[in-house]
Amino acid sequence: MSDGSSEAQRDLWTRVRARLKASVGEDVFTSWFARLELEELMDDLVHLSAPTRFLCSWVQSHYADRILEAFRHDMPDVARLQVTMRVNGQARPRITPVVAEAAPETPSASAAPALSAPTQAVPRLVRDNAKTDALSGSAIDARMTFDSFVAGSANEMAFGVARQIANAAISNAVTFNPVYIHSTVGLGKSHLLNAIAHAVSAADPSKNIVYLTADHFMYHFITAVQRQSALGFKEWLRRVDLLLIDDMQFLQGKSATEFGHTLGTLLTGAKQVVVAGDAPPRDLEMLDERVRSRLSGGLVVPISTFDLELRRDIVQRRAEQVNSRFGMQFPVAVIDYIARAVVSHGRDLDGAVNRLVAANQLTGELITVPLAEKTLADLIRTRDAKRVRIEDILKAVSRHYKVPRNELLSARRSRDVVRPRQIAMYLAKALTARSLPEIGRRFGGRDHTTVLHSVRKVEQMIKDDIELGQEIELLKRMLEE
């Protein structure tokens, strides 16, 4: 941080770092954020520094929106991020490069920037220019296009359906409606939703397209209710040509009910709706039965676990992109090793390539199989672990302690409910890859600090009570078998 930075800025940076760590997890934070420093804040600009050119480029290209979102808790007006390289411990003088800019919460009615340039601002909402209400969708990722999607036997049906939806929407037609794409984490659901938005908006910029993650949907709905503008929110959604909702499993409460009303209205008006979630519609217990029935009555498209051939194709494509951008070669043996060893999901394959690039940049070691074995050890250790879902944990804890599932998610504070709820949160942290905020959302919309308190409480109880420790260990084994 520069010499002129105030104590208040240092405190702000500490809070932002804590939010980022809670959001992305310890491993990702250590890899990409731990060595960033806050240099200055100027108007709507956040200026950070990093020790390598690669880290500057990677953070600027891949994490600008997430960093700005972390700053907006304290500084709602920040809109731009600039990351420059530190030389001999000092940041380079601030210059004016292409700056990754997040779309403001209140977009103007002017035309959105081009989608094809990843360093340009990416529209949160693609819509007709006559629309002037102060609402926005979630940011779409300029890298997630149909051209960058790697198709194989596990996802070819979902890929084909997504392209068909995009082509139909361009010509004002509706094919399957609604479409529900589901898979475990990291298999390409978000990529396909982003790709649909890109394809349609590129072909016809006048189309009114809204891409929303479930948490953004809830945020907009709750804000609209608080501001007594719920009617405007509903009308905004019902005027769209194409509605894309991601992470459906996180939708809950009154916003889930509102989604049901919106879905019914859009389908009646023959507007295309595409939804993605991590479970089939029948398993989305936070939704009303009628909404689940509506989603099930459309086209439900699963994406299955990637086979070796598809994993290799994905690693090969990412390696080619790295070579094109940094002139860095991935030997065939390394590509084969990653494809065989990293079997969890697509994001881990991307992460494996990223880690090797970072290791090469930071240490100068050649990209070899021994370097991959050392760098990817934690990803490989998970190959035989069964994927445990929070829903599995809720069912197991509910059955074991004879507490109804809905009470585990409720606000009840009686001892017979609190302890099983805390144990369930502890198991969710121990057995899943979900972050603390995600776990909190699945447990009735609780804050991540509540989850952290529960985890620490149970850890202490295990130390103090051998019998309870054995009981929880039994639950773990039941869930992992």
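Per-structure values
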{"item": "Count - residues of region 459-474 that are closer than 28 Å to residue 28 by Cβ and open to solvent by less than 80 Å² (accessible area, probe 1.4 Å)", "result": "2"}
{"item": "Residue within region 418-432 that is under 30 Å from residue 334 (Cα atoms) and in contact with a Lys or Arg (Cβ under 9 Å, 6 or more places away or on another chain) present", "result": "yes"}
{"item": "Residue among 294, 318 that alone is charged (D, E, K, R) and open to solvent by 50 Å² or more (accessible area, probe 1.4 Å)", "result": "294"}
{"item": "Qualifying residues in region 332-348 (those that are assigned to a helix (DSSP H, G or I) and in contact (Cβ under 8 Å) with a residue 40 or more places away in the chain) - the one most open to solvent (accessible area, probe 1.4 Å)", "result": "347"}
{"item": "Flag if residue 221 is modelled with pLDDT under 75, farther than 29 Å from residue 351 by Cα, within 22 Å of the chain's Cα centre (by Cα) and part of a helix (DSSP H, G or I)", "result": "yes"}
{"item": "Answer residue from region 392-405, given it is more than 27 Å from the chain's Cα centre (by Cα) and of a type in the set (Lys, Arg) and is least open to solvent (accessible area, probe 1.4 Å) among those", "result": "399"}
{"item": "Filter result (of a type in the set (Gly, Ala, Ser) and more than 18 Å from residue 266 (Cα to Cα)) within region 174-218", "result": "183, 186, 188, 190, 195, 199, 201, 202, 203, 206"}
{"item": "Subset of region 61-90 (residues that are open to solvent by less than 30 Å² (accessible area, probe 1.4 Å) and in a helix (DSSP H, G or I))", "result": "64, 67, 68, 70, 71"}
{"item": "Residues that are open to solvent by 60 Å² or more (accessible area, probe 1.4 Å) and assigned to a helix (DSSP H, G or I), drawn from region 406-438", "result": "406, 415, 416, 419, 429"}
{"item": "Members of region 266-285 that are surrounded by 14 or more Cβ atoms within 10 Å (Cβ to Cβ) and in a helix (DSSP H, G or I)", "result": "266, 267, 281, 283"}
{"item": "So residue 376, is it under 19 Å from residue 477 (Cα atoms), modelled with pLDDT of 85 or more and buried (at least 19 other Cβ atoms within 10 Å of the Cβ)", "result": "no"}
{"item": "Any pair with Cβ under 8 angstrom, 6 or more apart, that starts in region 453-475 at a residue that is in contact (Cβ under 8 Å) with a residue 60 or more places away in the chain and farther than 16 Å from residue 418 by Cβ and ends at one that is part of a helix (DSSP H, G or I) and not hydrophobic (A, V, I, L, M, F, W, C)", "result": "475/400"}
{"item": "Lone unmet requirement of (1) open to solvent by 30 Å² or more (accessible area, probe 1.4 Å); (2) more than 24 Å from the chain's Cα centre (by Cα); (3) under 30 Å from residue 342 (Cβ atoms) for residue 288", "result": "(3)"}
{"item": "Any hit, region 199-210, residues being open to solvent by 20 Å² or more (accessible area, probe 1.4 Å), in contact (Cβ under 8 Å) with a residue 60 or more places away in the chain, outside any helix (DSSP H, G or I) and more than 18 Å from residue 314 (Cα to Cα)", "result": "yes"}
{"item": "Top-ranked residue in region 439-458 [being within 20 Å of the chain's Cα centre (by Cα) and of a type in the set (D, E, K, R); ranked as most open to solvent (accessible area, probe 1.4 Å)]", "result": "447"}
{"item": "One residue from 476, 402, 429 being of a type outside the set (Gly, Ala, Ser) and either modelled with pLDDT under 85 or in contact with a His (Cβ under 7 Å, 6 or more places away or on another chain) (or both)", "result": "476"}
{"item": "Residue check for residue 24: without any contact (Cβ under 8 Å) to a residue 60 or more places away in the chain, surrounded by 15 or more Cβ atoms within 10 Å (Cβ to Cβ), in contact with a helix residue (DSSP H, G or I) (Cβ under 8 Å, 6 or more places away or on another chain) and not polar (S, T, N, Q)", "result": "no"}
{"item": "Residue pairs meeting the criteria (Cβ under 7 Å; at least 6 apart or on separate chains; first without any contact (Cβ under 8 Å) to a residue 40 or more places away in the chain, in region 306-324; second small (Gly, Ala, Ser) and buried (at least 22 other Cβ atoms within 10 Å of the Cβ))", "result": "308/339; 311/339; 312/339; 315/339"}
{"item": "Those residues of region 12-39 which are over 24 Å from residue 140 (Cα atoms), modelled with pLDDT of 85 or more and of a type outside the set (Val, Ile, Thr), in sequence order", "result": "12, 13, 15, 18, 34, 35, 36, 37, 38, 39"}
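Yes/no matrix, rows are residues, columns are (1) over 25 Å from residue 56 (Cβ atoms); (2) within 25 Å of the chain's Cα centre (by Cα):
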{"position": "295", "(1), (2)": "yes, yes"}
{"position": "303", "(1), (2)": "yes, yes"}
{"position": "307", "(1), (2)": "yes, yes"}
{"position": "324", "(1), (2)": "no, no"}
{"position": "333", "(1), (2)": "yes, no"}
{"position": "341", "(1), (2)": "yes, yes"}
{"position": "346", "(1), (2)": "yes, yes"}
{"position": "354", "(1), (2)": "no, yes"}
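Listed here are the residues, each with its yes/no results for (1) open to solvent by 20 Å² or more (accessible area, probe 1.4 Å); (2) farther than 13 Å from residue 243 by Cα; (3) out of contact with any Leu (no Cβ under 6 Å at 6 or more places or on another chain); (4) part of a helix (DSSP H, G or I).
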position: 145; (1), (2), (3), (4): yes, yes, yes, no
position: 150; (1), (2), (3), (4): no, yes, yes, no
position: 167; (1), (2), (3), (4): yes, yes, yes, yes
position: 172; (1), (2), (3), (4): yes, yes, yes, no
position: 215; (1), (2), (3), (4): yes, yes, yes, yes
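The values are calculated or read from the model by the stated rules, or taken from the named source; none is laboratory data. From a predicted model like this one, the values you see are computed outputs, not experimental measurements. We place every Cβ from the backbone using ideal geometry, glycine too, and count neighbours over all the protein chains shown. Keep in mind that these areas ignore ligands, DNA and RNA; they rest on the heavy atoms of the full protein, side chains included. Shrake-Rupley method; radii C 1.70, N 1.55, O 1.52, S 1.80 Å.
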